[in-house]
Amino acid sequence: MSANLVVTNLTQKFGGLTALNNVNMEVNFGEIVGVIGPNGAGKTTLFNVITGVYHATSGTVVLNGKQINGLKRYQITRLGFARTFQNIRLFKQMTVLDNVKMGMCCRSKCNIFDNILNTPRRRREDKAQEEKALGILERLNLLDYKYDSPASLPYGEQRRLEIARAMATDATILLLDEPAAGMNDQETAELLKTVSGLRDSGYTIILIEHDMKFVMNVCDRIYVLNHGELISTGTPDEVKNDPEVINAYLGKEEEK
Ligand SMILES: Nc1ncnc2c1ncn2[C@@H]1O[C@H](COP(=O)(O)OP(=O)(O)OP(=O)(O)O)[C@@H](O)[C@H]1O
Ligand SMILES: [Mg+2]
C-alpha cells in the first residue's frame with residue numbers, strides 16, 4: 001500500500017518553544033492512525049500544521065506526492081482534509097441539520113447572486129445538500145436530533161455531530177482531536193464502532209486521543225509524541241510494550 005500522507009522532518013516553533021521537532025509520519029490510505037502523548041506533546045500542533053493553520057517552521061507535509069504545507073486552509077480542505085476540535089465547536093444557534101449543512105459551504109457552486117436572489121440553482125443545491133446531510137446524520141445515528149439545537153444533545157452525540165460536519169465537507173481524510181474526550185464507556189464503545197465503520201467505508205482517519213483503551217482497540221498504527229519529539233511508532237502492541245513509551249506516557253497513566 002503506498003503512503004498517501006507523508007510528514008517529513010516537521011518542525012514547528014513558537015518563539016523559543018519547539019512544539020514539534022523533526023517529526024516524521026506516514027499515513028496510508030484507509031488506515032486509522034493514532035497520535036498519542038502527554039499534555040503539551042505537540043499533538044494538536046501537528047493537526048494545525050497538516051490543516052494549514054500554521055505553515056511549519058521547517059519540513060514538509062506531502063499528500064499523494066504534492067507538498068501541501070504552505071497552502072491556505074481552504075485549499076487544504078478542498079484536497080479532502082477535515083477535522084474536529086479538542087473543544088467542541090458547534091453552532092449552538094443552528095439546528096443539528098444546519099450544522100452539518102454548514103460543512104458543505106466550501107463545496108458550493110452558487111455565487112452571491114444565487115444566494116441573495118434565491119435562484120433555482122440555489123434551491124436545487126439546498127435540496128441536494130439537505131438530502132446529503134440527512135444521509136450523514138442517519139449514518140452517524142443522529143437523525144432523530146435533526147431539528148434540535150446541538151446544545152441539547154448528550155455529549156457523545158455532540159462529538160459525533162462534529163464528525164458528521166467534517167464528513168459533510170466531502171473529506172476523505174478525517175483528523176479527530178480527542179473524539180472520545182468526556183465520553184462515558186457506552187458512548188466510547190459507540191464511537192469505536194462509528195470510527196471503525198468510517199475506515200471500512202474508505203475514510204483515512206488520524207486521531208489524537210488520551211483514552212488508551214480506545215486508541216489500542218481502534219488504531220492500526222500509532223505515533224507517540226513527547227515534548228515535540230516522535231519517541232515511538234508501530235502497532236498498538238508494539239507501542240504498548242515500548243519501554244520509552246511506558247516511561248514517558250503510559251507509566252504516568254498507571255501512576256494515577
Ligand atoms: N499558537 C501557539 N503559540 C504558542 N505556543 C503554542 C501554540 N500552540 C501550541 N503551543 C504550545 O505548543 C506545545 C504543544 O501544544 P499542543 O496543543 O500541540 O499539545 P497537545 O499534545 O495537543 O496537548 P494536549 O494533550 O494538552 O491537548 C505546548 O507547550 C503549547 O503551549
Ligand atoms: Mg491537544
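The values are calculated or read from the model by the stated rules, or taken from the named source; none is laboratory data. Bear in mind the structure is a predicted one, so any value in this text is a computation, not a measurement. Because the Cβ atoms are built from the backbone with ideal geometry, glycine has one as well, and the counts that use them run over all protein chains shown.
Mind listing whichever residues of the range 2-50 are at positive phi and more than 13 Å from ligand 2 (Cβ to nearest atom)? Matches in the range 2-50: N9, G15, N22, G30. Filtering the range 228-252 to residues that are modelled with pLDDT under 95 and either outside the structural domain of V7 (by TED's automatic domain parsing) or farther than 30 Å from G197 by Cβ (or both) leaves P243, E244, I246, N247, A248, G251, K252.
Looking across the range 170-197 at every residue that is under 20 Å from I136 (Cβ atoms), part of a helix (DSSP H, G or I) and more than 12 Å from the chain's Cα centre (by Cα), the one that is nearest to ligand 2 (Cβ to nearest atom) is identified as L191. Hey, any hits in the range 223-230 for a residue that's surrounded by fewer than 21 Cβ atoms within 10 Å (Cβ to Cβ), not in a helix (DSSP H, G or I) and not acidic (D, E)? There is at least one residue in the range 223-230 that is surrounded by fewer than 21 Cβ atoms within 10 Å (Cβ to Cβ), not in a helix (DSSP H, G or I) and not acidic (D, E).
Taking only pairs six or more apart or across chains, which ones have beta-carbon atoms under 9 Å, a first residue in the range 168-193 that is free of Cβ contacts under 8 Å to residues at least 40 places away in the same chain, and a second residue that is in a strand (DSSP E or B)? Partner pairs satisfying both residue conditions: A180/L207.
For the range 1-92, the strands (runs of 3 or more DSSP E) that sit wholly inside it and include 2 or more residues that are touching a Lys or Arg at 6+ places or on another chain (Cβ under 7 Å) and of a type outside the set (S, T, Y) are 32-36. Candidates T84, T57, T44: the one that is within 30 Å of K127 (Cβ to Cβ) and within 15 Å of ligand 1 (Cβ to nearest atom) is T84. Among residues that are surrounded by 15 or more Cβ atoms within 10 Å (Cβ to Cβ) and in the same structural domain as G52 (by TED's automatic domain parsing), L71 is included. Considering only residues of the range 129-160 that are of a type in the set (D, E, K, R), surrounded by 14 or more Cβ atoms within 10 Å (Cβ to Cβ) and outside any loop (DSSP other than H, G, I, E, B), which is farthest from the chain's Cα centre (by Cα)? If we take residues in the range 129-160 being of a type in the set (D, E, K, R), surrounded by 14 or more Cβ atoms within 10 Å (Cβ to Cβ) and outside any loop (DSSP other than H, G, I, E, B), then E130 is farthest from the chain's Cα centre (by Cα). The residues in the range 50-77 that are over 15 Å from the mean Cα position of the chain (by Cα) and charged (D, E, K, R) can be counted, and the count is 2. Set side by side, the residues D148, D170 differ, and just one is among the acidic types (D, E) and either in contact with a Phe, Trp or Tyr (Cβ under 7 Å, 6 or more places away or on another chain) or modelled with pLDDT under 95 (or both), which is D170. Does the range 51-71 contain at least one residue that is within 16 Å of ligand 2 (Cβ to nearest atom) and aromatic (F, W, Y)? Checked against the condition, which is being within 16 Å of ligand 2 (Cβ to nearest atom) and aromatic (F, W, Y), the range 51-71 yields at least one hit. Do we have D126 as assigned by TED's automatic domain parsing to the domain that holds Y145, within 22 Å of the chain's Cα centre (by Cα) and acidic (D, E) here? So D126 fails the test. Out of all the residues in the range 154-164, is one or more under 21 Å from T45 (Cα atoms), among the aliphatic types (A, V, I, L, M) and touching a Ser or Thr at 6+ places or on another chain (Cβ under 7 Å)? Yes, that holds for at least one residue. When I163 is tested against (1) surrounded by 14 or more Cβ atoms within 10 Å (Cβ to Cβ); (2) over 18 Å from the mean Cα position of the chain (by Cα); (3) modelled with pLDDT of 95 or more, exactly one condition is not met: (2).
Can you tell me which residue is nearest to the chain's Cα centre (by Cα) among those in the range 9-32 that are surrounded by 21 or more Cβ atoms within 10 Å (Cβ to Cβ) and more than 7 Å from ligand 1 (Cβ to nearest atom)?
Selected residue: I32.
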